[in-house]
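Quick note: the coordinates plus some simple rules give every number you see, no bench work behind them. Here the structure is a predicted model, which means the values were calculated and not measured. Cβ: placed from backbone, ideal geometry, glycine included. Neighbour counts: every protein chain shown.
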């Protein structure tokens, strides 16, 4: 979601009352969203940054902008949370008597990830043999990352396994990037790749298992996962 606030420039020292501070609107909206966080589910996430807020401090900013990332476990929850965030943004704009243009396009939203249970069990079997110990994420333990693999999982039966690379650092950090190139990370990576390859071979070799995976996929789609 992008929120672009428009106000009115004025000299910040000589005639501040003539201005409409777009940055004030952006900050008010940011604070409104921060207050909203205590009322959302643990599976929801909201991240906000200010991408525009004026150029010099002695001029009342006429334009400010927020970039907002919204994540939910399901698309229904995502729509509801996005609507609430838009209200936070509008009230922030009104507080400083500014206008706001809100842009959001659901065409570019990631779908929820639907893990095919049949394929998942096959992968788990091979992963365990190769020394990988899969975790069954459920409830509040579901990771809050987003991926376009979710969109794929609504078109064909899918799995999206994760694995560790023998590091204490979390991803999206410089340290994790360096650790991913370390020799210690290569063994687990090859094992995970082998487990995926064996899963694919099993589905190709045994049509009845592939058919079972397809039936599970249809069931998941019918249930609206």
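How big is the antiparallel share of DSSP beta bridges in the chain, given as a percent to the nearest 5?
100
In nm, to one decimal, how far is the modelled label at residue 12 from the one at residue 130, with both set 7 Å along Cα→Cβ?
Going from the residue 12 label point to the residue 130 one covers 5.6 nm.
Which of rounded, prolate, oblate describes segment 146-225, given a ≥ b ≥ c as roots of the alpha-carbon gyration tensor eigenvalues and a/c under 1.5 marking rounded, otherwise prolate only if a/b is larger than b/c?
It is oblate, given that a/c is not under 1.5 and a/b is not larger than b/c.
Mind telling me which of 131, 181, 53 comes out most flexible in a GNM of the chain, alpha-carbon contacts under 10 Å?
Checking each option, the largest mean-square fluctuation is seen for 181.
Treating the angle as unsigned and between 0 and 90°, give the value, to the nearest 10°, between the Cα long axis of helix 183-205 and the longest Cα principal axis of the chain.
Around 60 degrees separate the two axes.
Given a Förster radius of 25 Å and the C-beta distance between residue 50 and residue 74 as r, what FRET efficiency does 1/(1 + (r/R0)^6) yield to the nearest 0.05?
0.30
Can you give the direction-averaged projected area of the convex hull of the alpha-carbon atoms in the chain, in nm²?
Average projection, Cα convex hull of the chain: 15.5 nm².
With axes computed from alpha carbons, what is the tilt in degrees of helix 117-129 against the longest principal axis of the chain, rounded to the nearest 10 within 0 to 90?
So the helix axis and the longest Cα principal axis differ by about 70 degrees.
Give me 98, 109, 162 sorted ascending by neighbouring Cβ count inside 10 Å, so fewest comes first.
Fewest-to-most Cβ neighbours within 10 Å comes out as 162, 109, 98.
From the Cα gyration tensor of segment 86-215, with a ≥ b ≥ c the square roots of its eigenvalues, which class applies: rounded if a/c is under 1.5, or else prolate if a/b is larger than b/c, or else oblate?
Taking the square roots of the gyration eigenvalues as a ≥ b ≥ c, segment 86-215 is oblate.
Among 133, 154, rank each residue by its count of other Cβ atoms within 10 Å, from fewest to most, as a rough exposure measure.
Least crowded to most crowded, the residues run 133, 154.
In a Gaussian network model over the chain where Cα atoms closer than 10 Å are linked, find which of 174, 90, 121 has the largest mean-square fluctuation.
174
Give me the number: length gained by fully extending residue 34 to residue 91, i.e. 0.36 nm times residue separation minus the C-alpha to C-alpha distance, one decimal in nm.
Here the answer is 19.2 nm.
Tell me, what is the FRET efficiency for residue 104 and residue 205 to the nearest 0.05, using R0 = 35 angstrom and their Cβ-Cβ distance as r?
That gives a FRET efficiency of 0.20.
Test of understanding: in a Gaussian network model of the chain with alpha carbons linked when under 10 Å, which of 124, 105, 24 would top the mean-square fluctuation ranking?
Between 124, 105, 24, it is 105 that shows the largest mean-square fluctuation.
Between 0 and 90 degrees, rounded to the nearest ten: what's the tilt of helix 75-95 against the longest Cα principal axis of the chain?
Tilt relative to the chain: about 10 degrees.
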